4 protein chains.
Amino acid sequence: MIHIDNFKTIVDKYNVIFFDAFGVIKNYQGLVPGIEKTFEYLKEQNKEYYIVTNDASRSPVQLASSYHKMGLHAITPNRIISSGMLTKEYLYLKVPEGMVAYLGTEGSAHYIESLGLHPMPISEVNDSNIDQIKALLFLDDEGFDWQQGVNTAVNLLRKRTIPAIVANTDHAYPVTIHDLSVAIGGLAMMVENIVGKKFIRFGKPDSQMFMFAYDLIRDQRPISKKEIVMVGDTLHTDILGGNKFGLDTVLVLSGNTLPKDVDTRITSTGIVPTYICETAVVEKDMF
Amino acid sequence: MIHIDNFKTIVDKYNVIFFDAFGVIKNYQGLVPGIEKTFEYLKEQNKEYYIVTNDASRSPVQLASSYHKMGLHAITPNRIISSGMLTKEYLYLKVPEGMVAYLGTEGSAHYIESLGLHPMPISEVNDSNIDQIKALLFLDDEGFDWQQGVNTAVNLLRKRTIPAIVANTDHAYPVTIHDLSVAIGGLAMMVENIVGKKFIRFGKPDSQMFMFAYDLIRDQRPISKKEIVMVGDTLHTDILGGNKFGLDTVLVLSGNTLPKDVDTRITSTGIVPTYICETAVVEKDMF
Amino acid sequence: MIHIDNFKTIVDKYNVIFFDAFGVIKNYQGLVPGIEKTFEYLKEQNKEYYIVTNDASRSPVQLASSYHKMGLHAITPNRIISSGMLTKEYLYLKVPEGMVAYLGTEGSAHYIESLGLHPMPISEVNDSNIDQIKALLFLDDEGFDWQQGVNTAVNLLRKRTIPAIVANTDHAYPVTIHDLSVAIGGLAMMVENIVGKKFIRFGKPDSQMFMFAYDLIRDQRPISKKEIVMVGDTLHTDILGGNKFGLDTVLVLSGNTLPKDVDTRITSTGIVPTYICETAVVEKDMF
Amino acid sequence: MIHIDNFKTIVDKYNVIFFDAFGVIKNYQGLVPGIEKTFEYLKEQNKEYYIVTNDASRSPVQLASSYHKMGLHAITPNRIISSGMLTKEYLYLKVPEGMVAYLGTEGSAHYIESLGLHPMPISEVNDSNIDQIKALLFLDDEGFDWQQGVNTAVNLLRKRTIPAIVANTDHAYPVTIHDLSVAIGGLAMMVENIVGKKFIRFGKPDSQMFMFAYDLIRDQRPISKKEIVMVGDTLHTDILGGNKFGLDTVLVLSGNTLPKDVDTRITSTGIVPTYICETAVVEKDMF
C-alpha cells in the first residue's frame, strides 16, 4: 500500500536536513548501523544538517561527545538543537536571577548554572527556601526519588505561583527493544493535571523547536522552508511538528514506527509524512 | 450569598445517611471534634448510616478498627463501603483464578488474598512470571518504589492484554493542613495515558459505589432513594456522585472545600449540593 | 488469533441476556437478518432478556413499536432499558417542579412531560424565562438548529448554575454503511468543554445503566450477576460497561467492530470481551 | 493584592509592541475609548507595533479597513499578523495544488484563492468530488449550516487521510457584554475528538504566531526578544503564548479578564503577566 522511498534520492532534493536523534541516528544498542555513511555523503555533497532532539538531560557538548565515543564525529555541538536549549533561552529571557528548582540529574542542571542562576534539586526544597524559588524545571526522569520529588513538586506549585517548565515533551522513551521508561514529560503531565496550572512545554512537535534551528541558519544566510526536510521515526513529534512548521518530512522505520504498523498509524492519526524510508542510511555504493 | 443549613435539621428529614470519611468524620489530626455526638444522635433516632469511602488501602475490619482506636465505636465493618470492596467484587466475578499483580502495601493486598487469588507485588513481576498474571490492581500509593513500580506497570500492560483496575479514583489526598500527596489514582491516570488502554475505576463519583451501599439496605427492606442523604466535603466526588445517583446531598465545609471558596466553586463547577453545612456535627444541646 | 464462539452455546450458559440495540438487533437497513430466531429460541428456552440502549430520543413504548413495525414482536416496552429512563429517574428524584430546557425533538421531550415538568425547547429560551429554568437536557441531535441551539445552551449554562444532563453518552452514530452523524453526546461534550462545568451523563459504559436493568429483575426474584451476559457491538460502551459491572460479555461483529479490526482493537484498548461471535443470531437448525 | 501599572511607562521601556485585537483595541461596541491616543503616542515615539490576532475570517486588508471605518487609521494591513496568514503559509508550503474544502464564509476563503488553490465550501463536498480534496480548513463559524457542515467534515476526514487545519484556536468569543458564541476552534475540537485524528492548529498561544511577527521585523533589522512586549486581555492565549516565546507581557483588564477575577485567575492558572494595566490607553496629558 505504502510507497517506500530511497533516502539518498530525497537528500539530493534538499539543502538542509534536520534529523531526530533516537530511532534515526542511534537506538538503545548504539548507532544505527551504517548511519556514518549518511553523514559522509552529506559532507561530500555540502549539505547542512542539524540534530533536533527532545533531550534536556545533557548539554549539546555532552550530547556531541556521546556520538564521538560511538565513532560518529560528524555531529558537533553547534549542530545540536535540544529542547534543553529552548528551556535555557526561556530562563535567560524570563528569569533574571534567583533559585530554580528542578527534577533531574545534576548534569541536567547545567542549563540553569550556565546562566548564573542557582539550581536547587527538588529534594532540597523545603519551607525555609520555598519563597525564594523563581521557577520549577522538569529536566530528566533520573537523579531524584520519584515519590519524594513528585510530591514536593505538587506542593511547591500549589503554594507558589511560579512558571513550571517541561524541557522534554515525551511521555515515555524506549530503554530496550521491549521496554519503555516513563519520561519526565509523563511525570510533568501528572503533576500539571493534579495542580491544575498551565505548564510551559518545550520540544517537538512544538514549532519553537524548529524555529530555533531555522533561526541558526537564517543568521548566516537567506533560507526558505522549502530547502529543508525533517527526518524522524515518530509521527506525533517529528512528522506532525515538521509538517506544521511547513517542512517536508521523512518517516523512517528504524525506531518507534514499525513497518507492519505504518499504514494503519498514518490513517488513524491523519499525520502524513511527505516520504517514508526504511532507514536514514545512504548506502555506500549509491554515492 | 450561600445559605448554611443546620445539620441536625437535615438528618431529621432522612432515614439513611451516607458519610464520606476524610474531611467529614476524620482529618489528618484525628476525628473531627464532636463527631461522636452525631453518631449518638443517629442511634437514638434509629437512623441507618454508612461510610462510603474511596479507600482501598485497608479492609473494612481494619478501617473500623482505626475508628475504634480514635474512640469512635459506632463505625463497624458492616457499615463501611469502600472502593476496595468493589474491586474485590470485580475480581470475584471476572478473575476466577491465578496471579494478580498490584501496586500498594502488603495490607492492601488482602482484597486479593481473601478470594483465593495469588497477589504479586509489582516489584516481583518479571519475564518469568509475566505470562501468568491475570490482572493489575492499583491499590495504594505506599508500599512500593514509584520509579520501579510505575515502569513495570507500564511494560506489563504493553505486553499483556489484561484488565487494569484502579481501586481509588482520587488523584491526590491531604497529608497535613498544607500538603497533598499524589494518590494511586493519580499514578494510574499517568500509566493509562502512556499505555493508551482503558482502565476500570472504582470509587465516587461513579454510581457503582452508591449502588453497593444501596443494595446492602435493599437486601433487608424496601428503600427509596428519597430516604437517603449523602454527606461529603468534596464537590467532584461526594456531591457529583450523590446527585447523579439521585440522592439529596450535603456539602460540609470541614475538609476539602473551604467556606471562602464554596460559592465560587459551586458556580464554576456547576455541581450543586442540596444543602451546605459547616460540619456534620450534631450539637449535644440540640437533641 | 481470536477465537469465534457460537452464540447459541453462550446463550445456553446464562439465564438472562442483555442486548445492545444498534449493531446487534438492528442496523441502518432494518433488523439484522435472522435475529427473530434468536428471540424465538430465548422464549422456547425460557430465558429472560433486556435491551440496554443509549437512546433517549424516544420512549420505550415508541422504541418497542418501531421493532414491531419491522416484524419483531418479542421486544416489548417493559424489556427496554434506555438512557432516557435514567434521565427521567434523575428528574423525578432531583427536579421536583418547573421548566426544563432541552435540545432534541418534541418526541424526546416526553420524558420531561410525563413527570409533570414543563419542557421548553432550547429555541424558546430567552432573557424573560431564563431564570425559571431548573435543568438543561441534551436528548437528541435532531429537532433544533445546531448553531442557535448550541450557542443558547452555552449562554444558559454560563448564566445559571443548573444541572446539565446528557441522556446519550455516544459522540456519533452510523446513518449509512459509510457515514456517521454527530450525536447529542458529541455536541454536549463541546458545550461542557466551553463552559467548564461538570455535566451528568447517562448511558453505557456507566454502570447506572446496567444497574437499572439488574434492579428490574431483582425486584421479582433473587439474581446473581453470574447469570447475566451482555451482548454488544462496541468495545467502549457495551463491553467495557458490562465488564465493569461484573457481567460476562459477548462482542458481536455485526456492527461497529469489523472482523478485520477486532484483534487490534482489543489489544490497543485493553477491553476484552469474554466471548466473540459473528452475530447474535441463533440459527434455526441449531434448536 | 495585585499591582496595577501605568501603560505609558511600560511602552517607554520597549521598542516594539504586539497588541491583541479583541478586548484590547476593540470590543463588541467598537473601538476601546481613547485607544487612538495610544497609537498617536507610538508614532510620536517612533515605536513599532503589530496586531497579533486569532482571526482567520478576513484578510489583513479587510481587517485594516474595518479599523479605518471606526476611525483608527494607524492600523495598516502590513501591521496585522493573523492566524489566517499562518494557514496561508502552510497551504503555500504543503498543498501545491487542487481543491481545499473549508468551513467558513466565502470571505474567509480568500486565503485559499489567493494561492491559486480551488476553495470548496463544505456544503458542496460530495461523493463525486471527495477524492480530489487535498485539505480541510476550519476558518470561521459563520457561512455554513452547522449540522450539515460538521457532519460532512466528520465523514470527509474518516474517508480521506488529508490535513485538517484550524485557523483559529479560540473555542468561543464574546458577541455582546453578556453572551458568547462558539468559535470555529470549538467546532474543530469536537470534530477532532470524534474522528480521532490530529489536527493542525494556528493561533495564540502557539509560538508560530509570535515567530511570524518576529520574523517580519528581523527581515528589516536585528531585533532581540527583550525589546518586545505583548499586550493582551486573555491569560491562556496572549499571556501564556507571549511568555513561552520569551516576551514580556501586559495583561489589560478591558476584555476577557475582569478586575475582580484577575488575582484568582493568575493564581489558579499559574499564568503570570509581567505587568497588569487597566487598559492599553495612553492618556493625552501623559505625553
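The values are calculated or read from the model by the stated rules, or taken from the named source; none is laboratory data. Remember, predicted model here, so these are calculated numbers, not experimental data. Quick reminder, even Gly has a Cβ in these numbers, built from the backbone with ideal geometry, and neighbours come from all protein chains shown.
Quick one: what pairs do we get from the range C:111-131, first residue within 18 Å of residue C:148 (Cα to Cα), second assigned to a loop (DSSP other than H, G, I, E, B), C-beta under 8 Å, 6+ apart or different chains?
Going by the 8 Å Cβ cut-off, the qualifying pairs are C:120/C:129; C:121/C:106; C:121/C:143; C:121/C:144; C:122/C:144; C:123/C:144; C:123/C:145; C:130/C:160.
Which helices (runs of 4 or more DSSP H) does the range D:180-287 wholly contain that include 2 or more residues that are among the hydrophobic types (A, V, I, L, M, F, W, C) and surrounded by fewer than 23 Cβ atoms within 10 Å (Cβ to Cβ)?
D:184-195, D:207-218, D:262-269
Return yes or no: is residue A:15 modelled with pLDDT under 95, assigned by TED's automatic domain parsing to the domain that holds residue A:237, among the polar types (S, T, N, Q) and closer than 23 Å to residue A:204 by Cβ?
So residue A:15 does not fit the description; no.
Taking the range C:100-158 on its own, how many of its residues are under 19 Å from the mean Cα position of the chain (by Cα) and aromatic (Phe, Trp, Tyr)?
So the answer is 3.
Kindly list, by first and then second residue, each pair from a residue in the range D:44-67 that is more than 28 Å from residue D:283 (Cβ to Cβ) to a residue that is surrounded by fewer than 17 Cβ atoms within 10 Å (Cβ to Cβ) and among the acidic types (Asp, Glu), limited to pairs with Cβ atoms under 8 Å and residues at least 6 apart or on different chains.
Qualifying pairs under 8 Å: D:57/D:142.
Could you tell me whether the range A:203-221 includes any residue that is farther than 26 Å from residue B:159 by Cβ, in contact with a Lys or Arg (Cβ under 8 Å, 6 or more places away or on another chain), modelled with pLDDT under 95 and small (Gly, Ala, Ser)?
yes
Kindly list, by first and then second residue, each pair from a residue in the range B:1-13 that is in contact (Cβ under 8 Å) with a residue 40 or more places away in the chain to a residue that is surrounded by fewer than 12 Cβ atoms within 10 Å (Cβ to Cβ) and outside any helix (DSSP H, G or I), limited to pairs with Cβ atoms under 9 Å and residues at least 6 apart or on different chains.
As it stands, the answer is B:8/B:287, since those pairs meet every condition given.
Is at least one residue of the range C:50-62 more than 17 Å from the chain's Cα centre (by Cα) and assigned to a strand (DSSP E or B)?
Looking for residues that are more than 17 Å from the chain's Cα centre (by Cα) and assigned to a strand (DSSP E or B), one finds none in the range C:50-62, hence no.
Those residues that are of a type in the set (A, V, I, L, M), buried (at least 16 other Cβ atoms within 10 Å of the Cβ) and closer than 28 Å to residue D:168 by Cα, I need them from the range D:12-50; list them, please.
D:16, D:17, D:21, D:24, D:25, D:32, D:35
Checking the conditions here, which among A:219, A:248 is free of Cβ contacts under 8 Å to residues at least 24 places away in the same chain and facing chain D (nearest Cβ under 10 Å)?
A:219
Name every residue in the range C:198-238 that is closer than 19 Å to residue B:207 by Cβ, in contact with a Gly (Cβ under 7 Å, 6 or more places away or on another chain) and not aromatic (Phe, Trp, Tyr), in order of residue number.
The answer is C:198, C:204, C:205, C:206, C:207, C:209, C:225, C:230, C:238.
Just a yes or no: is a residue in the range C:200-216 under 20 Å from residue C:183 (Cβ atoms), within 10 Å of another protein chain (Cβ to nearest Cβ), among the aromatic types (Phe, Trp, Tyr) and in contact with a Pro (Cβ under 9 Å, 6 or more places away or on another chain)?
No, there is no match, as no residue in the range C:200-216 is under 20 Å from residue C:183 (Cβ atoms), within 10 Å of another protein chain (Cβ to nearest Cβ), among the aromatic types (Phe, Trp, Tyr) and in contact with a Pro (Cβ under 9 Å, 6 or more places away or on another chain).
Can you tell me which residues in the range A:180-193 are farther than 15 Å from residue A:101 by Cα and away from chain D (no Cβ under 14 Å)?
Answer for the range A:180-193, where residues must be farther than 15 Å from residue A:101 by Cα and away from chain D (no Cβ under 14 Å): A:180, A:181, A:182, A:183, A:185, A:186, A:187, A:189, A:190.
Quickly run through the range A:38-67 and pick out the residues that are among the β-branched types (Val, Ile, Thr) and out of contact with any Pro (no Cβ under 8 Å at 6 or more places or on another chain).
A:38, A:51, A:52, A:53
Return only the number of the condition from (1) in contact with a strand residue (DSSP E or B) (Cβ under 9 Å, 6 or more places away or on another chain); (2) within 19 Å of residue B:157 (Cβ to Cβ); (3) within 9 Å of chain C (Cβ to nearest Cβ) that residue B:196 does not satisfy.
All conditions pass for residue B:196, except number (1).
Suppose we keep only residues that are outside any loop (DSSP other than H, G, I, E, B) and not aromatic (Phe, Trp, Tyr) within the range B:1-10. Which one would you say is nearest to residue B:70 (Cα to Cα)?
B:8
For residue B:224, only one of the following conditions fails: (1) more than 7 Å from every other protein chain (Cβ to nearest Cβ); (2) without any contact (Cβ under 8 Å) to a residue 40 or more places away in the chain; (3) over 19 Å from the mean Cα position of the chain (by Cα); (4) more than 20 Å from residue B:249 (Cα to Cα). What is its number?
(4)
Please go through the range A:36-49 and pick out each residue that is in contact with a Leu (Cβ under 6 Å, 6 or more places away or on another chain) and part of a helix (DSSP H, G or I).
A:36
Within the range C:159-179, track down each residue that is more than 17 Å from the chain's Cα centre (by Cα) and facing chain D (nearest Cβ under 7 Å).
C:179
State the number of residues belonging to the range B:11-35 that are part of a strand (DSSP E or B) and among the basic types (Lys, Arg).
Here the count works out to 1.
Somewhere in the range C:137-151, is a residue within 13 Å of chain B (Cβ to nearest Cβ), under 19 Å from residue C:88 (Cβ atoms) and in contact (Cβ under 8 Å) with a residue 24 or more places away in the chain?
Taking every residue of the range C:137-151 in turn, none turns out to be within 13 Å of chain B (Cβ to nearest Cβ), under 19 Å from residue C:88 (Cβ atoms) and in contact (Cβ under 8 Å) with a residue 24 or more places away in the chain.
Residue by residue, here is whether (1) closer than 25 Å to residue B:195 by Cβ; (2) hydroxyl-bearing (Ser, Thr, Tyr) holds:
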| residue | (1), (2) |
| --- | --- |
| C:225 | no, no |
| C:233 | yes, no |
| C:239 | yes, no |
| C:246 | yes, no |
| C:267 | yes, yes |
| C:270 | yes, no |
| C:283 | no, no |
